[in-house]
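Read-outs throughout are calculated quantities, based only on the coordinates presented, and are distinct from any laboratory measurement. No experiment lies behind these values; they were computed from the predicted model shown. Every residue, glycine as well, gets a Cβ built from its backbone with ideal geometry; the counts of neighbours run over all protein chains shown.
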Amino acid sequence: MSPTPLSPTVHSLFDPATWTLTHIVHAGPGSAAAIIDSVLDYDPKSGRTRTDSADLVIDYVKAQGLRVEWILETHAHADHLTAAPYLKAALGGQIGIGARITEVQKVFKEVFHLEPGFCADGSQFDHLFADGDRFTIGELTGTVIGVPGHTPACVAYHIGDAVFVGDTLFQPDVGSARCDFPGGDARALYASARRLLALPAETHLFLCHDYPPAGRDLRASCTVAEQRAGNIHLHDGIDEEAFVRLRTQRDATLEMPQLILPSVQVNVRAGELPPAEANGISYLKIPINAL
């Protein structure tokens with residue numbers, strides 16, 4: 001997308017290991033920027049992290065001469081670790097997420113029996129956004145839209161004619177986010193989706209993931225009009241009861257994401273690893289029969 005007063009430049013990077021799209025939003029070379037939904041590479045077999053995906057973000061930011069003001073999360077992801085602290089150390093900026101992250105932290109503090117010093121108050125993040133909050137990225141203005149359902153803390157970022165919707169919506173041929181994680185709510189997701197789909201038809205919706213079926217290329221965005229016409233779960237004419245029934249039945253068939261256990265306990269910390277133990281090593285927990 002090219003910049004206009006209402007249309008930011010959006011550069012999207014795809015991580016094939018987690019099917020994740022990271023978006024860099026700005027108003028052109030030399031301008032302020034926001035990074036949305038970054039990825040820290042994690043190998044579940046070895047427990048090793050890498051920064052290949054995040055380094056591509058850094059390369060783009062530096063090549064464009066951008067000034068990073070925000071490193072934004074649409075929610076505490078369950079399918080990839082965020083690279084927010086690494087990017088902040090390299091590029092600056094504030095790490096932001098929805099204010100209801102505190103609800104997610106409280107749930108998963110119990111699930112993972114996190115250390116007593118872990119505070120479920122959102123203080124790990126630089127800024128907590130409430131529904132309706134406004135923020136700036138240089139000359140660009142953003143508005144926060146609360147979109148609970150996949151998690152209680154999900155938010156979308158409306159910047160010009162672009163909205164970064166996280167996991168609330170996928171491409172029309174993929175549908176919508178699951179709602180069976182702790183705190184998930186299919187009725188809330190339906191209301192959140194209808195709120196997004198009430199935006200002007202030409203609004204560009206940028207997604208956190210794409211899972212293209214055979215024969216379709218990867219797509220980072222679509223329009224409200226495309227979603228209303230063709231979303232297999234949420235097109236016009238699908239009422240709340242039908243959606244809740246469909247979503248609940250589908251969720252019952254889904255396995256847990258491969259990286260949910262490492263991802264959530266890192267992402268509720270704004271991407272920081274758990275405190276190192278006496279031997280200098282950080283450890284992640286695997287709760288048995290808890291999810």
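Some points to look at:
- Neighbour-count ranking [beta-carbon atoms within 10 angstrom, fewest first] of His209, His11, His113: His113, His11, His209
- Neighbour counts of other Cβ atoms within 10 Å put Ser12, Ser282 in the fewest-to-most order Ser282, Ser12.
- Rounded to the nearest whole Hz, the Karplus-based 3J(HN,Hα) values (6.51 cos²θ - 1.76 cosθ + 1.60, θ = phi - 60°) of segment 191-205 follow the sequence 5, 5, 5, 5, 5, 5, 7, 8, 5, x, 4, 7, 4, 8, 9, with x at glycine and proline.
- Here the peptides 91-99, 117-125, 45-53 are ranked by packing, the mean other Cβ count within 10 Å, and the order with the highest first is 91-99, 117-125, 45-53.
- Segment 1-75 - convex hull of alpha carbons, volume per residue in Å³: 96 Å³
- Sequence ranges 35-44, 248-257, ranked by mean other-Cβ count within 10 angstrom, highest first: 35-44, 248-257
- Lysine pair count for the chain with Cα-Cα distance under 24 Å and sequence separation of 8 or more or different chains is 4.
- Segment 174-288, Rg to Rh (Cα coordinates; Rh as Kirkwood inverse mean 1/r): 1.07
- With all pairs of separate Cα atoms included, segment 114-179 yields a Kirkwood hydrodynamic radius of 13.8 Å.
- Less than 5 angstrom separates the built amide H of Leu81 from those of Leu40, all sequence-distant by 5 or more or on a different chain.
- Percent RCO, i.e. relative contact order, over the chain, from Cα pairs under 8 Å lying at least 6 residues apart: 17 percent
- Cut-off under 5 Å, modelled amide H: who pairs with Thr20 long-range: Asp15
- Using R0 = 30 Å, the C-beta based FRET efficiency linking Lys62 and Asp217 works out to 0.60.
- The mean sequence distance of close C-alpha pairs (under 8 Å, at least 6 residues apart), as a share of the length of segment 70-170, puts its relative contact order at 27 percent.
- Placing pseudo-labels 7 Å out from each Cα toward the beta carbon at Thr49 and Thr136 gives an inter-label distance of 3.3 nm.
- Convex hull volume of the Cα atoms of segment 200-250, normalised per residue: 103 Å³.
- Summed residue charge, Cβ within 14 Å of Ala229's Cβ, Lys/Arg positive, Asp/Glu negative: -3
- For Thr203, the amide hydrogen comes within under 5 Å of the amide hydrogens of Val224, Ala225, counting only partners 5 or more places away or on other chains and with H modelled in the peptide plane.
- Loop-located chymotrypsin sites (Phe, Trp or Tyr not before Pro) in segment 182-280, at most 11 other Cβ atoms within 10 Å (DSSP): none
- For the chain, the mean projected area of the C-alpha convex hull, equal to one quarter of the hull surface, is 15.0 nm².
- The phi-based Karplus calculation (6.51 cos²θ - 1.76 cosθ + 1.60; θ = phi - 60°) puts the 3J(HN,Hα) values of segment 261-278 at 5, x, 5, 5, 6, 8, 6, 6, 9, 6, x, 6, 6, x, x, 5, 8, 4 Hz, whole numbers, x for Gly and Pro.
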